[in-house]
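The values are calculated or read from the model by the stated rules, or taken from the named source; none is laboratory data. Everything numeric in this text was worked out from a predicted model, so none of it was measured. Quick reminder, even Gly has a Cβ in these numbers, built from the backbone with ideal geometry, and neighbours come from all protein chains shown.
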């Protein structure tokens, strides 16, 4: 991966991480078009630049995390993040090996898109919770179960799953989106720490190579990691600010159509050999 490729993939991450269109799927498309999807460093990079997106949420909602907060706020995040942490830890390698193909992701794009076409209509006039303080631990945990869908099926979109999960618990679109952003912080922090410091990336069994060692193995890798996180940070801030206002005004329908078109386009690229299956 060169610096240009790192910046492009980071822009994709920042733009798509908090929109209901799957950042994982879009980064797979970008890295596949560059011909670097199967590279070891690319896989580490695509997870580790989530750090920049995490910091974007913290920067925008710093009062929520550090000033106007309470113990119950952190306990709600804990309740919501537990299902994904347990599922991801148990099945990470299986998911990456079996479900990370461009074809599978394309179908998840399409299926998720069809669902988004009907979300606004289905939840119309069913929302009653507009404050995080009124969100219970049980509802938080249920939203966390929805997040497992995104962990289990790459291409579903963590943002879409958790927002829809929130709306099933009678949260307004605004609060569902904001709670999804807040929940991203512990979820993505755990995924990044696991990828960098816990997971064994060795291609030879028993070598125990960690992600951070691969990043520090060369100046090119280190530069790509730093630049990628900086770009993801600033782009994610813009994406979050855009999404809240857009969602309140227009809803999910346009994202549904986008996902369907993107899924069909990805299948076409695979079937024509532009992207390897």
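Before moving on, here are some points about what is shown:
- Residue 117 touching a helix residue (DSSP H, G or I) at 6+ places or on another chain (Cβ under 6 Å), surrounded by fewer than 20 Cβ atoms within 10 Å (Cβ to Cβ) and either modelled with pLDDT of 90 or more or under 18 Å from residue 182 (Cα atoms) (or both): yes
- Residue list for segment 157-172, restricted to those being under 18 Å from the mean Cα position of the chain (by Cα) and part of a helix (DSSP H, G or I): 158, 159, 160, 161, 162, 163, 164, 165, 166
- So residue 230, is it within 22 Å of the chain's Cα centre (by Cα), surrounded by fewer than 21 Cβ atoms within 10 Å (Cβ to Cβ) and part of a helix (DSSP H, G or I): yes
- Residues of segment 28-68 satisfying the condition of being out of contact with any helix residue (DSSP H, G or I) (no Cβ under 7 Å at 6 or more places or on another chain) and either part of a loop (DSSP other than H, G, I, E, B) or under 14 Å from residue 228 (Cα atoms) (or both): 35, 38, 39, 43, 67, 68
- Hits in segment 247-261 (condition: surrounded by 12 or more Cβ atoms within 10 Å (Cβ to Cβ), part of a helix (DSSP H, G or I) and modelled with pLDDT under 90): 247, 248
- Listed by first and then second residue, the pairs with beta-carbon distance under 6 Å, at least 6 apart or on different chains, first residue in segment 33-53 and crowded, with 21+ Cβ neighbours inside 10 Å, second not in a helix (DSSP H, G or I), are 41/1; 42/1; 42/36; 53/17.
- Single match in 223, 187 (criterion: surrounded by fewer than 21 Cβ atoms within 10 Å (Cβ to Cβ), under 22 Å from residue 11 (Cα atoms) and touching a residue at least 60 places away in the same chain (Cβ under 8 Å)): 223
- Criterion (buried (at least 23 other Cβ atoms within 10 Å of the Cβ), touching a helix residue (DSSP H, G or I) at 6+ places or on another chain (Cβ under 7 Å), in a helix (DSSP H, G or I) and at pLDDT below 90) met by exactly one of 14, 25: 25
- Of all residues making up segment 262-275, the number that are farther than 18 Å from residue 156 by Cα and either within 23 Å of the chain's Cα centre (by Cα) or at pLDDT 85 or above (or both): 6
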